[in-house]
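The values are calculated or read from the model by the stated rules, or taken from the named source; none is laboratory data. Predicted model only: the values in this text are computed from it and were never measured. No Cβ is skipped: glycine too gets one built from the backbone with ideal geometry, and neighbour counts run over all protein chains shown.
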Ligand code: DC
């Protein structure tokens, strides 16, 4: 069974996806981390992120693996645990550029499809319900008011970076939304058959409860 959860940055999709996977005992695959991993390697290798061929080659040769961790799962890149590093805003911005690369998408989409072949999975990411698994059993498109999403991001980031201002986060989020919606390859659009969930003002546990109800009985 495949449950796809997608939507814009800060819509709460990864938190919710993680909780749903735990509740149902499904594998959780956070596809954004895969684009972030490629971005990280592009940065480490000092490549020009706009160099389509070289960046696609990084995607073809990088080894990305998800491993269970104590709280959240670990993202192993070429054998190294890069979980916290991949979450930074710099890597996020570079990932948005890398994610517009057709060669990169081909490689990562194929890997994601393979990961979902033999397992029950919850997968989150921008194009899971449209490109990766158009026939997913359940598709949730999560949205939330832009200001609220920026507040959520700010609260997360503030823990380690108290100097970062809300306005800065909002500005970055507006840029990310526009990059994700307007790129030529796999832009962020809801599939016609997805269930739209507006999480503005909603508590996480209520969002999860609503989704579990929509999913219904699961046979593993
Ligand atoms: O969800 P995130 O912030 O970790 O994603 C990082 C970048 O990767 C973001 O710009 C969107 C892109 N992405 C994508 O294009 N397709 C996916 N399935 C997942 C993420």
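Tabulated values for the structure
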quantity	calculated
Boolean, residue 16 is touching a helix residue (DSSP H, G or I) at 6+ places or on another chain (Cβ under 8 Å), within 14 Å of the ligand (Cβ to nearest atom) and at pLDDT 95 or above	no
Residue list for the range 25-56, restricted to those being more than 12 Å from residue 108 (Cα to Cα) and part of a helix (DSSP H, G or I)	39, 40, 41, 42, 43, 44, 52, 53, 54, 55
Segments classed as strands (runs of 3 or more DSSP E), wholly inside the range 112-220, with at least 2 members that are touching a helix residue (DSSP H, G or I) at 6+ places or on another chain (Cβ under 9 Å) and within 16 Å of the ligand (Cβ to nearest atom)	121-124, 138-143
Pair list, Cβ under 6 Å, 6 or more apart: the range 83-94 residue in contact (Cβ under 8 Å) with a residue 60 or more places away in the chain, other residue part of a loop (DSSP other than H, G, I, E, B) and within 8 Å of the ligand (Cβ to nearest atom)	none
Residue tally, condition surrounded by fewer than 12 Cβ atoms within 10 Å (Cβ to Cβ) and under 23 Å from residue 14 (Cβ atoms), over the range 47-64	1
